[in-house]
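Every number in this text was worked out from the coordinates using simple rules, so none of it is lab data. Since the structure is predicted, the reported quantities are computational estimates derived from the model, not experimental observations. Cβ coordinates were reconstructed from backbone atoms using ideal geometry, including for glycine residues, and neighbour counts include every protein chain displayed.
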Amino acid sequence: MRLKEEILKQLEENRGNFISGESLAARWGVSRGAVWKAIRSLEKDGFCILSVKNRGYALSAESDALSESGIKKYVGEGFDVRVIKRAASTNDEVKKLAENGAGEWSVVIAEEQSAGRGRFGRPFYSPEGSGLYMSILLRPKFPAADTLFITTSLAVAVCEAIERVSGKRADIKWVNDIFMDGRKVSGTLTEASFSVESGGLSYAVVGVGVNVKSGCFPPSLSEIAGSVYGEGEYPVEGRARLAAAILERFRYYYDRIPERAFFSEYRRRSLVIGKRVSVFSGALEGEAEVLDLNENCFLKVRFPDGRECLLSSGEVSIKLK
């Protein structure tokens, strides 16, 4: 590991407390000048580091730049977390890792995305420093037909993680949008690669984007988008803690997909059951009443003429009325 990453790990583990440059230099057998250069490089990366003569260096308790060590201190073993400054799409970054043989639970988190996307290729607004943009590599052993349950498991995990760190309720607009107080704060995207030889999944990549901090959204999103925290509510290390909570809760549900462990929570958090919605799916359009979700997370709806249909995620886009 490079010197600055080792120093950052020490500063993260002792956040708010000073460590002398002399002790840092002695720890890795380098000069004080090398330590100073590493500190300057970390500051350029966005970390707020305090420097006091005769006391040394300390990572400010208020510093919010994301780092591998800052996230790992909140999450259990078994995750290979990588944090990068920016990416076109974290899903694309994880696909590269997958093609190069990376293991399951490899994770890429970016401070900013220039081409983040959601379902149907819709862009996901991903400005620097205000959100959490994360993708996870999976190598599923279950049938390809069960990939829908990866998405629904992740949606439940994101809701539970948001509630864990913020204390606020989060719900799901079928199939994978997370809402708080009537506004969308998060979306997820699952993309899969299939093996020609086996006919099954080679790997899957799941991405999640969360609007964490309050801020200005572009006009096209201002009426629908929201954030987990309002003005003045954001806690210290909020994004790092949220990332860790999502990873832990998602792994719990992912390991239990065969038992559909996520389903009761997914159904309980549904924003559409019992509501009238607008359905758009090619020739299938019109208003309908949502009756329920079945065990496969298909939406059961009834049209005004009495027809009842099961709608899968690949067939429709639903807008709440």
Picking from G274, G230, the residue that is at positive phi and surrounded by fewer than 16 Cβ atoms within 10 Å (Cβ to Cβ) would be G274
Of (1) in contact (Cβ under 8 Å) with a residue 40 or more places away in the chain; (2) buried (at least 16 other Cβ atoms within 10 Å of the Cβ), V83 fails just (1)
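Regarding K168, is this residue surrounded by fewer than 22 Cβ atoms within 10 Å (Cβ to Cβ) and touching a Gly at 6+ places or on another chain (Cβ under 9 Å)?
Working: surrounded by fewer than 22 Cβ atoms within 10 Å (Cβ to Cβ): yes; touching a Gly at 6+ places or on another chain (Cβ under 9 Å): no.
It is false that K168 is surrounded by fewer than 22 Cβ atoms within 10 Å (Cβ to Cβ) and touching a Gly at 6+ places or on another chain (Cβ under 9 Å).
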Check: Is at least one residue of segment 181-189 of a type in the set (A, V, I, L, M, F, W, C) and in contact with a Leu (Cβ under 8 Å, 6 or more places away or on another chain)?
Finding: no
